[in-house]
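Reading through the structure tokens given below for one structure.
The values are calculated or read from the model by the stated rules, or taken from the named source; none is laboratory data. Note that this is a predicted model, so its numbers are computed, not measured. Reconstructed Cβ throughout: ideal geometry from the backbone, glycine too, with neighbour counts over all protein chains shown. Remember, those area values only see protein heavy atoms, side chains included, never the ligands or the DNA or RNA. Shrake-Rupley method; radii C 1.70, N 1.55, O 1.52, S 1.80 Å.
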Amino acid sequence: VALLLPGCRRQPTVDPLRRARVDGLNKEAFLNRYRDPALCLQLSDSALRYIADSLPQYDDGVLRALNNKAFAYFQTTRYPEALALVEQIESGTAKKVKVKPANSGIELVIAHLLKARLLQRSGNIADSYRLLHDIEQTHILDRNRGNLLYNYAQTEYYITSLVLNYHYRDGSKADLASLLEDVEDKRQDLKVDYAQEMAL
């Protein structure tokens with residue numbers, strides 16, 4: 001649970017133009033994670049190569065690219081690869097400097113949410129629920145409302161919880177109807193992009 005708390009220290013200053021290039025690649029990868037996962041992977045790899053060559057201290061960019069890649073692997077049913085990237089984020093091997101990146105806490109939550117989905121797919125419902133419970137207990141998703149990554153994580157948390165609840169209810173029509181009502185009630189509180197709207 002302690003790992004979910006964002007880092008308190010600032011990361012080294014990065015060149016703004018180089019950072020903008022990485023952020024652009026990561027944003028484009030993020031926007032294509034549903035409609036073109038292959039392009040998402042390609043853009044994420046480009047971001048990681050650029051960081052390795054020109055901006056090795058930009059750990060926020062590394063974590064964003066790894067989470068994009070992991071989600072694209074999940075979308076294309078390459079579950080072992082997705083899990084390996086999640087575990088890389090968890091273990092901290094993505095971080096190349098001693099100072100924690102500013103977004104490390106929320107990026108770790110996003111990785112854990114994908115891990116919860118992977119656990120559901122493998123039938124490990126108890127550990128999936130435990131991950132969601134641990135995230136909820138930190139209250140990290142209640143912070144920084146209006147921040148894109150936090151809005152995204154809030155939506156992913158809700159979708160993952162919805163799938164988990166549906167699994168527990170065995171998919172009966174009455175329960176499905178009540179879950180869909182929950183979706184409509186919650187939707188207005190979530191700021192989502194088009195791809196997330198379609199997923200929901």
(request) Working only within the range 31-40, note down all residues that are part of a helix (DSSP H, G or I) and open to solvent by less than 20 Å² (accessible area, probe 1.4 Å). (result) CYS40
(request) Go through the range 58-70 residue by residue and tally those that are of a type in the set (Gly, Ala, Ser) and either open to solvent by 60 Å² or more (accessible area, probe 1.4 Å) or modelled with pLDDT of 95 or more (or both). (result) 2
(message) Here is a list: ASN144, ASN165, ASN124. Which entry is touching a Phe, Trp or Tyr at 6+ places or on another chain (Cβ under 6 Å) and modelled with pLDDT of 65 or more?
(response) ASN144
(message) Out of the residues in the range 71-107 meeting the condition of being open to solvent by 20 Å² or more (accessible area, probe 1.4 Å), among the small types (Gly, Ala, Ser) and modelled with pLDDT of 85 or more, tell me which one is nearest to ARG35 (Cα to Cα).
(response) ALA84
(request) Hey, can you tell me all the residues within the range 105-157 that are among the basic types (Lys, Arg) and assigned to a helix (DSSP H, G or I)? (result) LYS115, ARG117, ARG121, ARG130
(message) Pairs please, first residue from the range 18-38 and among the small types (Gly, Ala, Ser), second anywhere and open to solvent by 20 Å² or more (accessible area, probe 1.4 Å) and in a loop (DSSP other than H, G, I, E, B), Cβ atoms under 8 Å, 6+ apart in sequence or on different chains.
(response) ALA38/THR76
